[in-house]
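Notes follow the structure.
The values are calculated or read from the model by the stated rules, or taken from the named source; none is laboratory data. Note that the structure is a prediction, hence the values are computed from the model and not measured. Here the Cβ positions follow ideal geometry from the backbone for every residue, glycine too, while neighbour counts run over all protein chains shown.
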Amino acid sequence: MSGWHVDEGLLADYDRGTLPPSRVLAVDTHLLACASCREQVRVDPVWLTGNWSVVFDALHEPRSGPLHRFLRRLGLPEHRIRLIAATPALRWSWLGATATVLALAVAAAYLGRGGMQVSNAVLLVVAPVLPVLAVATAYGPPADPMHEITDTTPAAGPALVLWRATTVVTVAVVMGVVAAVLLPGPGWYAVAWLLPALLLSVGTLALSTVIALPAAAGVLGGIWLAGVGTAVTIHRDSSLPLVFGRTAQLGYLFAAMTAVVVLTVRRRRLDPGETR
Amino acid sequence: MNTVSIDGLGKRYGATPALDGLDLELGTGVTGFLGPNGAGKTTLLRCLATALAPDRGRLRILGLDPAVPAQRTELRRRIGYLPQNPGLYPQFTAYDLLDYVAVLKELTDGRRRRAEVRRVLDEVDLTDRARTKVRKLSGGMRQRLGLALALLGQPALLILDEPTVGIDPEQRMLFRALISRVGESHTVLLSTHQTEDVGALCERVVVMNAGRAAFDGTPRQLINRADGRVWLSTTAPTGSQPYWRNADGLYRRLGDRPDDGRPAQPTLEDGYLLLLHRSAPARVAR
């Protein structure tokens, strides 16, 4: 530290912010090295706390990856993006959920094409529910070490399961599409089994901005059962292609995209429980 | 005013009763739960934290019934829970983990959430470890981080299951200071095996045994139960009387006066051991 100190007039101008930038830099440099001059600087504690908070958050906040930026462009609220981004961060649960969902889709496609007509109706009924159950299990007690804390938060419950299911099934659909394009064989059929699950998850979340979540799940589940019932009744032997055929797949995709739009437009209604 | 009303609470694991018709009324301040392993402390705290549904009985917490889904969700907004094994994600940084749990606790406004994360980090003295991954934190720091998670959202009811296990005396002091500060205005329920923690922190102590409250009163009242029943002697007892050998070579004996016994100042631990010895003598270890 030098024997020179900033004089009072210069320090007052520095405090007021009326110094030219070059002199501010010079005073800053001196203040970094001189504790006695630092003590003379008058600091507004509110301003200092505010600035410290901004610096602290900038240093510690999780970095925004491409997924984060993409979801932000879609208009999803920041806290929802944090929740979705954390879904793959719980690695074992993520791995287990994704692998199980893909395995279910492949198994369902195989069974559906194998001419096992007896199981058709059962397969059709449970197709959209199985992936959601798989995700709920993968993020449950055996795989998630923090389940006890998570389960006692207000976010715990069907909504959290559906957000996670939407994330996992979306990734599984993308993986299935890539595999279907790159690999020989009827891979599209496996993807087709995942679309109703995606629709169930994202559709229920979208509908829950209008009615209560259990009711939303009931409405969509009822529509699915009615559709399956009609298909099985009218086309007993060819109900599978009807429910999972190209036209139906396009319908699911369109409906899922509509649900995403509804979810985006009505996103402020997603947190009716927020009281703080 | 009572924050927690427990009426005939029962919970079984198979044929084993963990809670057996428990009745309690708990209010503001720090209440400590003591008891041997398997006494039902953790089961009770898990029921109160809404992690576990009881088989029978009624709970009323902060005026809400956790058996009703909508009230359970509202209740979860107002409680903070640190389980015995919090299982914190090792790959998260302290800041990330707090931010994630804050989202789960419905702190949806980004600026307020970050301010809350900074506040609890500061409360548990982990601000300088905000960027450290959980797997690189010491055991005591992880416990403090667990406590910070429970403190998020300034809960009206704080439920802590053995929060001071495995931490050094200095960190335990920090815990005590923090918990006692929270207990001034909120309800804190604390399960522990450390009678020193109960003596230092709690206005009220409940000793659990076999799923029931074997004692409910102040720490002083529990100590008083050992008045005239703690002795220093040169000989070890021959029966099932609890005792241990002090560093100075004398036997500290609880119960009836030995022939050469001279009275000793009773402690909370003496009162606790005598209470349990009376209800289940074979379970008191020498």
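A quick yes/no check of all residues on (1) of a type in the set (Val, Ile, Thr); (2) more than 16 Å from B:Pro36 (Cβ to Cβ); (3) modelled with pLDDT under 90:
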{"position": "B:Thr267", "(1), (2), (3)": "yes, yes, no"}
{"position": "B:Gly271", "(1), (2), (3)": "no, no, no"}
{"position": "B:Leu276", "(1), (2), (3)": "no, no, yes"}
{"position": "B:Ser279", "(1), (2), (3)": "no, no, yes"}
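Among the strands (runs of 3 or more DSSP E) confined to region B:1-67, the ones with at least 2 residues that are touching a Cys at 6+ places or on another chain (Cβ under 7 Å) are located at B:2-13, B:29-34.
Does B:Ala236 satisfy the criteria of being touching a Phe, Trp or Tyr at 6+ places or on another chain (Cβ under 9 Å) and not in a strand (DSSP E or B)? Before the answer, list the steps.
Details: touching a Phe, Trp or Tyr at 6+ places or on another chain (Cβ under 9 Å): yes; not in a strand (DSSP E or B): yes.
Against the criterion (touching a Phe, Trp or Tyr at 6+ places or on another chain (Cβ under 9 Å) and not in a strand (DSSP E or B)), B:Ala236 qualifies.
Considering region B:232-274, and only residues there that are in contact with a strand residue (DSSP E or B) (Cβ under 7 Å, 6 or more places away or on another chain) and of a type in the set (Asp, Glu), the residue that is farthest from B:Val206 (Cα to Cα) turns out to be B:Asp260. For region B:37-78, how many residues meet the condition of being at positive phi and of a type in the set (Ser, Thr, Tyr)? Total satisfying the criteria: 1.
Kindly indicate which of B:Pro86, B:Pro90 is facing chain A (nearest Cβ under 9 Å), surrounded by fewer than 17 Cβ atoms within 10 Å (Cβ to Cβ) and touching a helix residue (DSSP H, G or I) at 6+ places or on another chain (Cβ under 6 Å).
Details: B:Pro86 fails: surrounded by fewer than 17 Cβ atoms within 10 Å (Cβ to Cβ).
Exactly one residue qualifies, and that residue is B:Pro90.
Checking A:Pro141, A:Pro145, A:Pro154 one by one, the residue that is modelled with pLDDT under 80, within 14 Å of chain B (Cβ to nearest Cβ) and not in a helix (DSSP H, G or I) is A:Pro141 and no other.
For the criterion of being at pLDDT 80 or above, in the same structural domain as A:Thr100 (by TED's automatic domain parsing), under 16 Å from the mean Cα position of the chain (by Cα) and under 19 Å from A:Val126 (Cβ atoms), A:Leu205 fails.
For region A:171-182, the condition of being part of a loop (DSSP other than H, G, I, E, B), of a type in the set (A, V, I, L, M, F, W, C), touching a residue at least 40 places away in the same chain (Cβ under 8 Å) and assigned by TED's automatic domain parsing to the domain that holds A:Phe70 holds for none of the residues.
Restricting region B:137-163 to residues that are buried (at least 23 other Cβ atoms within 10 Å of the Cβ) and farther than 23 Å from B:Thr73 by Cα, the residue that is modelled with the highest pLDDT is B:Leu145. Checking each residue of region A:1-14 against the condition of being under 30 Å from B:Arg119 (Cα atoms) and surrounded by 10 or more Cβ atoms within 10 Å (Cβ to Cβ) gives no match.
Number of residues in region A:72-111 that are within 14 Å of chain B (Cβ to nearest Cβ), part of a helix (DSSP H, G or I) and either under 19 Å from A:Thr264 (Cβ atoms) or out of contact with any helix residue (DSSP H, G or I) (no Cβ under 7 Å at 6 or more places or on another chain) (or both): the value is 14.
Considering region B:68-83 alone, what residues qualify as being assigned to a helix (DSSP H, G or I), more than 7 Å from chain A (Cβ to nearest Cβ) and either more than 23 Å from the chain's Cα centre (by Cα) or surrounded by 24 or more Cβ atoms within 10 Å (Cβ to Cβ) (or both)? Before you say what the answer is, go through the steps one by one.
Restricting attention to region B:68-83, the residues satisfying the condition of being assigned to a helix (DSSP H, G or I) are B:69-76.
Within this subset, residues satisfying the condition of being more than 7 Å from chain A (Cβ to nearest Cβ) are B:69-72, B:74-75.
Scanning region B:68-83 gives B:Pro69, B:Ala70, B:Gln71, B:Glu74, B:Leu75.
For region B:54-78, a residue qualifies if it is within 12 Å of A:Pro154 (Cβ to Cβ), touching a residue at least 12 places away in the same chain (Cβ under 8 Å) and of a type outside the set (A, V, I, L, M), and the qualifying residues are B:Arg72, B:Arg76, B:Arg77, B:Arg78. Would region A:227-237 turn up any residue that is outside any helix (DSSP H, G or I), modelled with pLDDT under 80 and surrounded by fewer than 12 Cβ atoms within 10 Å (Cβ to Cβ)? The answer is yes, given that some residue of region A:227-237 is outside any helix (DSSP H, G or I), modelled with pLDDT under 80 and surrounded by fewer than 12 Cβ atoms within 10 Å (Cβ to Cβ). When B:Arg114 is tested against (1) within 12 Å of chain A (Cβ to nearest Cβ); (2) surrounded by fewer than 20 Cβ atoms within 10 Å (Cβ to Cβ), exactly one condition is not met: (2).
Could you grab me the full set of residues in region B:166-181 that are free of Cβ contacts under 8 Å to residues at least 40 places away in the same chain and not small (Gly, Ala, Ser)? Working first, answer last.
Looking only at region B:166-181, we keep the residues that are free of Cβ contacts under 8 Å to residues at least 40 places away in the same chain, and these are B:166-173, B:175-177, B:181.
Of everything in region B:166-181, those that are free of Cβ contacts under 8 Å to residues at least 40 places away in the same chain and not small (Gly, Ala, Ser) turn out to be B:Ile167, B:Asp168, B:Pro169, B:Glu170, B:Gln171, B:Arg172, B:Met173, B:Phe175, B:Arg176, B:Arg181.
Applying the selection to region B:117-134, what residues are within 17 Å of A:Ile149 (Cβ to Cβ) and away from chain A (no Cβ under 12 Å)? Answer for region B:117-134, where residues must be within 17 Å of A:Ile149 (Cβ to Cβ) and away from chain A (no Cβ under 12 Å): B:Val120, B:Val124.
Kindly establish whether B:Leu48 is within 14 Å of another protein chain (Cβ to nearest Cβ) and touching a residue at least 40 places away in the same chain (Cβ under 8 Å). When the stated conditions are applied, B:Leu48 passes them.
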